[in-house]
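The values are calculated or read from the model by the stated rules, or taken from the named source; none is laboratory data. Treat the numbers as computed from the prediction; the structure is a model and nothing was measured. Note: ideal-geometry Cβ built from the backbone for every residue, glycine included; neighbour counts use all protein chains shown. These area figures cover heavy atoms from the full protein model, side chains too; ligands, DNA and RNA do not enter into them. Shrake-Rupley method; radii C 1.70, N 1.55, O 1.52, S 1.80 Å.
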Amino acid sequence: MCQVTQRNTPYCFLDAQGQNLVPLPADISLDWLRAAYRHMVLIRALDKKVVALQRTGQMRTYPSCLGQEAVGVGIGLALQENDIFVPYYRDQATLYLRGVTLTQIMQVWGGDERGHLFSGHAQRDLPLCIPIATQMTHAAGVAVALKSRAEPHAALVTCGDGATSKGDFSEALNLAGLWQLPLVSVINNNQWAISVPLTMQTAAATLAQKAVAAGMEGVRVDGNDVVAVYHAVDLALKKARSGKGPTLIEAVSYRLTDHTTADDATRYRDLKQVNDAWEREPIKRLQTWLHEQDAWDPAQETGLLEEVRAQVDAAVAAYLALPPQAPDEFLQYMFASMTTPLSAQQQYQHTRFAVDGSKTQPQGAQ
Ligand SMILES: Cc1ncc(C[n+]2csc(CCOP(=O)(O)OP(=O)(O)O)c2C)c(N)n1
Ligand SMILES: [Mg+2]
């Protein structure tokens, strides 16, 4: 159990040049690959549009997932309806695959908590988590509940590389290992925690090896290969659902843009590193592979780009048309009934602020 698979080299099926290294898993069909490709292209289009909305004052601070689409899509395709997803803030792709609408994703980043009223597969999922690593202990708690109710489902939690330095991360993993919880923890190792590079984050050779101290299996996977992410997560989820315990997965990706729209990464990192990372990005390699298999052609590409543009434009129009949230509404969801201090704050909000119907928001920093 206490082992790290492929200790230093992340495993992959499709390399950066879109070449098949090893035979694809038996459950991966051409249709599956085309669907995964479509999802990644859609999420990239969404991401670009949301950044543009922020730049024009119609969105609050937003964390782009550019370059990390394969991590989110791989996870989303492996999760089953009754599993419970505990996201962090860079999980747009997985949320979408859980049935959260593009409009809801924008609503959340527009500062409207009603975007978190998930339905469908995401009904039992947790809201996305901004405080670093706190979601790890929440997820361990969810996994305790699943185990004590003998539900044949798993919890899956995500975090960044920076989050692995926090106590919450180690505490959650320790408990999951000790109690053999049905928990899959996926680290999106995008190499940066805002301006802190991984080399300044840890002396550990890999993040997957942090599984060893917790007494669980650690897997290091190429986070730019959607097949590898899916395969690793699928195996780990099956293991968790069948009572065989937790897994830690390190998905090695790269943050191709700023940390959030409140950041300027050109101030602290070398352009050459970013350009090199573009050579390994997830969408291009799958597109190359599909082309080489005669499973995708330029006409299909044009059609897909038109389709995703229409889908994103419709979601933006719906987002911009949403009636604004009442300024006191966010106070209502903390407790079942209002406490005296919260009631006082609510009263203050009522008398102090008017709802002006505008989506133009002051910019906040994370
Ligand atoms: C408890 C806490 N401390 C600090 C912050 C500020 N903060 C926001 S994102 C971030 C870096 C996280 O990096 P990483 O875990 O690698 O995730 P990434 O953003 O790269 O996906 C920090 C320190 C926070 N949100 N919460
Ligand atoms: Mg990071």
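When nucleic acids and ligands are ignored and a 1.4 Å probe is applied, Trp32 ends up with an accessible area of around 40 Å². Every pair of different Cα atoms in the stretch 118-203 enters the Kirkwood calculation, which places the hydrodynamic radius at 13.7 Å. Can you tell me how the stretch 81-237 classifies by the Cα gyration tensor, rounded, prolate or oblate, using a/c under 1.5 as the rounded cut? It is oblate, given that a/c is not under 1.5 and a/b is not larger than b/c.
In the stretch 202-297, what percent of the accessible surface is made up of carbon and sulfur (1.4 Å probe, ligands and nucleic acids excluded)?
On the way: 1760 of 3660 Å².
Taking all protein chains in place, the stretch 202-297 shows 48 percent carbon and sulfur surface.
With the convex hull drawn over the C-alpha atoms of the chain, the volume per residue is 147 Å³.
Please report, in debye to the nearest 20, how large the charge dipole of the chain is about its Cα centre when each Lys and Arg carries +1 at its beta carbon and each Asp and Glu carries -1 there.
Around 660 debye, computed over the chain.
Say we join alpha carbon atoms closer than 10 Å with springs in a Gaussian network model of the chain; which of Gln311, Gln300, Gln345 then has the biggest fluctuation? Maximum fluctuation in the GNM of the chain, among the listed residues, is at Gln345. Across Ala154, Ala314, Ala326, mean-square fluctuation computed from a Gaussian network of the chain (C-alpha pairs under 10 Å connected) peaks at Ala326. When Ser64, Ser148, Ser29 are compared by accessible area at a 1.4 angstrom probe, the order from most to least is Ser148, Ser29, Ser64. With both labels modelled 7 Å from their Cα along Cα-to-Cβ, the Arg352 to Ala145 distance reads 3.3 nm. Here the stretch 95-124 and the stretch 200-256 have alpha carbon centers that stand 26 Å from each other. The mean accessible area for residues of the stretch 4-320, using a 1.4 Å probe and ignoring ligands and nucleic acids, is 39 Å² per residue.
How do Tyr62, Tyr348 stack up against each other in accessible area, from largest to smallest, with a 1.4 angstrom probe?
So, going from the largest accessible area down, we get Tyr348, Tyr62.
If you plug the beta carbon distance of Ala213 and Lys244 into 1/(1 + (r/R0)^6) with R0 = 30 Å, you get a FRET efficiency near 0.95. Per residue Cα convex hull volume for the stretch 1-126, in cubic angstrom? For the stretch 1-126, the hull spanned by Cα atoms encloses 152 Å³ per residue. Relative contact order of the stretch 4-320, taken over Cα pairs closer than 8 Å and 6 or more residues apart, is 27 percent. Here the Gaussian network model covers the chain, with springs between Cα atoms less than 10 Å apart; of Thr260, Thr351, Thr199, Thr351 fluctuates the most. Pairs exceeding a 19 Å alpha-carbon distance, out of Lys147/Lys244; Lys147/Lys239; Lys147/Lys238; Lys48/Lys166; Lys48/Lys284: Lys48/Lys166.
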